[in-house]
Structures are given as C-alpha cells and as structure tokens.
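Report on the structure given below.
Just so it is clear, none of the values below were taken in a lab; they were calculated from the coordinates. Just so you know, these numbers come straight off a predicted model, no measurement behind them. With ideal geometry, Cβ positions are generated from the backbone for all residues, glycine too; neighbour counts draw on all protein chains shown.
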Amino acid sequence: MFITNHVLAGAIAGSVFRTRPVADFSLGFATHVAMDMTPHWGNPQIGRDGFYAVAKRDGLLGLATVALVTVAGVPPRRALLAGMAGAAILDSDKPGEFFFGINPLPKWIDRIHKQIQRESPEGLRTELAAGTALASVVAAISVRRRRSLHGR
C-alpha cells in the first residue's frame, strides 16, 4: 500500500481514542497490517530504481499529508500523530535503506511484513480508490470535529 494511504488510515485511527496516543498508535499499526494483507500495488518488474522513483513521490505526498492532517486536526493532536506514526512505522525500512543503508526494523518483523504483502501491478486501482476513500473520511472527520469544537 502507498505510505500516503497508510498515513490517511492512521489519521482515522488517531481520531478514535483522542486522549490515548498509545492506543491510537496500536490501532494505526493494525491498519497497516490489514491494508498490506489486501491486494494492492507493487511491481517487481520496475526494479529498485523504479520503485524508489515511485516511493520518493509517495513519501513526499505522505509527509505533506501528515503536515496537512496535523494542521487541520483538532487538539489534542498527540493521538492523531500517534495513529499516523503507528500506521507508517512498518514502512520505515524503505527510507532507512535508501538514506542510511540500514533497515531499522528487527529482522523478524521485516520478514513477517514481507510475508503478508499482497502486491500486484494491477493493484493500482485499489490504491487510488483506497486513497480517495480514506482522504474523504479524514476530511469528514476533520470538518465534523472542527464544527463540534466551535459549537456549530
């Protein structure tokens, strides 16, 4: 799954237990596992360079999403950030390897993470549909929380 979709799912998870960041982190982590077990995009034929070209764009979009959701979120934002961090942490191997040449995840976690993947080149439609749906839910939650905060 694209990291941007994981971040969006984590934002939803971070909205569940508003005052319990550890619970939101755990829920965000669970969304990552569930999403990776569903069919999604991945194309081994594009090679390492092709993968990193896609990953760079997605990573920047994911970072922008974290920033936008954090700014648009209603305080307290700790749980929101924790949900997004929990949803993204399993993919920390990619930037870790790209920028520093190391995988920060323990080998046993990385092995399980690779085993649960259900990737295929045809999964791009799933990625785009999931991203659109998740962004819509995050926007709806943000608008609703803002309205309730301001008494509207």
What is the sum of charges around Gln45, taking Lys and Arg as +1, Asp and Glu as -1, for the other residues whose C-beta is under 13 Å from the C-beta of Gln45?
-2
Sort out for me the Cα centre separation of region 1-50 from region 52-110, rounded to whole Å.
9
Residues Phe17, Phe2 arranged by fewest to most Cβ contacts within 10 Å
Phe17, Phe2
Please state the relative contact order of the chain as a whole percent: Cα pairs under 8 Å, 6+ residues apart?
40
Please compute the length gained on full extension between Ser148 and Met37, using 0.36 nm multiplied by the number of residues separating them and subtracting their Cα-Cα distance.
36.4 nm
Pull up the cross-link candidates among the lysines for Lys56, meaning alpha carbon to alpha carbon under 21 Å and not fewer than 8 places away within one chain.
Lys94, Lys114
For a quick check: sort Phe100, Phe25, Phe51 by the number of other beta carbons within 10 angstrom, fewest at the front.
Phe100, Phe51, Phe25
Dipole magnitude of the chain about its Cα centre, charges +1 at Lys/Arg Cβ and -1 at Asp/Glu Cβ only, in debye to the nearest 20?
780
Net charge near Met35: determine it from the other residues with C-beta under 13 Å of the C-beta of Met35, scoring Lys and Arg +1 and Asp and Glu -1.
-3
